[in-house]
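Data block below; observations after.
The values are calculated or read from the model by the stated rules, or taken from the named source; none is laboratory data. Quick caveat: nothing in here was measured; it's all calculated off a predicted structure. So basically every Cβ, Gly included, is an ideal-geometry build from the backbone, and we count neighbours across all protein chains shown. Quick note on the areas: whole protein, heavy atoms, side chains included, nothing else; ligands and nucleic acids left out. Shrake-Rupley method; radii C 1.70, N 1.55, O 1.52, S 1.80 Å.
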Amino acid sequence: QVRLVESGGGLVQPGGSLRLSCAASGFTVSSYAMSWYRQAPGKERELVATIIPGGGTNEADSMKGRFTISRDNAKNTVYLQMNSVKPEDTAVYYCKTELYGRHYWGQGTQGTVSS
C-alpha cells in the first residue's frame, strides 16, 4: 500500500528555516519522481520542487536558491529544506508521487511564516 506522510511543519519567523520530511512506504522513493507542492489559502496548489530517480532536482523559479529538495534512500524519505522563508511561503505543503499512472498525495503539513 502506497503511503506518504509529511512532517516538520510549524511556525517560523521570516528569514528562518524549516525542514519538511515525507516518509514513504509501499514503494521505493529512489525509483520514482517525488515532488513537493504547496497550497496557500485562497490559491491553487503549486509545484515547489521535484527530484527524479537519477537524483536530478528542479525547484520552481520563485524558490530557487532558497528551497532544496533531497532524499535519503536508506530512510525512504524525501526532504524539503526551506531557507530564508518569507510570509508568502505560508501554505500547506504536500508530498506527491505517481506510480503506474496514479497520483498519490500525503495529508500535508502546515508551514506558517510569521513574526
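If you place +1 on the Cβ of every Lys and Arg and -1 on the Cβ of every Asp and Glu, how big does the dipole about the Cα centre of the chain come out, in debye to the nearest 20? Please report the intermediate quantities before stating the final value.
Numbers: 12 positive and 9 negative charges, 34 e Å.
It comes to approximately 160 debye.
On a straight-distance basis, which lysines could pair with K86 in a cross-link, Cα separation under 24 angstrom, same-chain partners fewer than 8 positions away excluded?
Qualifying lysines at Cα under 24 Å: K43, K64, K96.
Give the span of the range 44-104's Cα atoms along each principal axis, as three whole-Å numbers ordered largest to smallest.
35, 26, 19
How much accessible area per residue does the range 70-115 have, in Å², with a 1.4 Å probe?
51 Å²
Take the Cα pairs of the chain, get the Kirkwood Rh, then feed it into Stokes-Einstein at 10 °C and 1.306 mPa s and tell me D in µm²/s. Could the numbers behind the result be given before it?
Details: Rh = 14.0 Å.
Answer, rounded: 113 µm²/s.
Tell me the per residue accessible area of the range 16-69 using a 1.4 Å probe; a whole number in Å² is fine.
Numbers: 2700 Å² over 54 residues.
Counting only protein heavy atoms, the per-residue value for the range 16-69 is 50 Å².
Report the FRET efficiency, 1/(1 + (r/R0)^6), for L11 and R102, where r is their Cβ-Cβ distance and R0 is 41 Å, rounded to 0.05.
After rounding to 0.05, the efficiency reads 0.75.
Below 17 Å, Cα to Cα, which aspartates and glutamates can K75 reach? Residues fewer than 8 away in the same chain don't count.
Counting by Cα, and skipping residues close in sequence, K75 has these aspartates and glutamates nearby: E6.
Per the 1.4 Å probe, what fraction of the accessible area of the chain, in percent, lies on carbon and sulfur atoms?
On the way: 2770 of 6060 Å².
For the chain, the apolar C and S fraction of the accessible surface comes to 46 percent.
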